[in-house]
Amino acid sequence: MTGFEEAFGALLLLAAVALYWASAVNARDRARHHARNFCHRQDWQLLDQTVTLAALWPVRSDRGMLQWQRRYRFDFSPDGGQRRSGELVLQGTRLASIWGERDDGGKLIE
């Protein structure tokens, strides 16, 4: 391998890492936005620092394109004292599902 080929390969790898990182940051921001809106509609308080990536896997979109499906977990407080859990799934940039734990132990799904 020549020096040019090595440098070009390293540059491609760096670009791929940068694109993945930007995609991950954008997805986390979208997840935080969806969790915040979901909690707001229920009159719950989202505990902001709790939106975390729980799973990541490649899936095919409706058009057959590969994209990331990400599952995020978050915590919220329905009354300022209790702490409950919720999850949401992003398929690409689209919200696929979201739910939060109810008082009776069930799930409120949107």
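Looking at region 86-98, which of the residues that are touching a residue at least 60 places away in the same chain (Cβ under 8 Å) and among the hydrophobic types (A, V, I, L, M, F, W, C) is surrounded by the most Cβ atoms within 10 Å (Cβ to Cβ)?
Per the criteria, the residue is Leu90.
Please specify each residue of region 69-85 satisfying the condition of being under 12 Å from the mean Cα position of the chain (by Cα) and in contact (Cβ under 8 Å) with a residue 24 or more places away in the chain.
Result: Gln69, Arg70, Tyr72, Phe74.
Restricting attention to region 58-110, which residues are basic (Lys, Arg) and closer than 30 Å to Tyr20 by Cβ?
Once the filter is applied, which keeps residues that are basic (Lys, Arg) and closer than 30 Å to Tyr20 by Cβ, region 58-110 yields Arg60, Arg63, Arg70, Arg71, Arg73, Arg94.
Just the residues that are under 30 Å from Glu101 (Cβ atoms) and either among the aromatic types (Phe, Trp, Tyr) or touching a helix residue (DSSP H, G or I) at 6+ places or on another chain (Cβ under 7 Å) (or both), please, taken from region 1-47. It would help to see each step written out before you state the result.
Of the residues in region 1-47, the ones under 30 Å from Glu101 (Cβ atoms) are 23-47.
Result: Phe38, Trp44, Gln45, Leu46.
Checking Asp29 against (1) farther than 19 Å from Leu108 by Cα; (2) loosely packed, with under 14 Cβ neighbours inside 10 Å; (3) touching a strand residue (DSSP E or B) at 6+ places or on another chain (Cβ under 6 Å), which single condition isn't satisfied?
(3)
Here is a yes/no grid of residues against (1) modelled with pLDDT of 95 or more; (2) of a type outside the set (Phe, Trp, Tyr); (3) loosely packed, with under 10 Cβ neighbours inside 10 Å:
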residue: Phe8; (1), (2), (3): no, no, no
residue: Ala18; (1), (2), (3): no, yes, no
residue: Phe38; (1), (2), (3): yes, no, no
residue: Met65; (1), (2), (3): no, yes, yes
residue: Phe76; (1), (2), (3): yes, no, no
residue: Gln82; (1), (2), (3): no, yes, no
residue: Gly100; (1), (2), (3): yes, yes, no
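The values are calculated or read from the model by the stated rules, or taken from the named source; none is laboratory data. Source: prediction; values computed, not measured. Every residue, glycine as well, gets a Cβ built from its backbone with ideal geometry; the counts of neighbours run over all protein chains shown.
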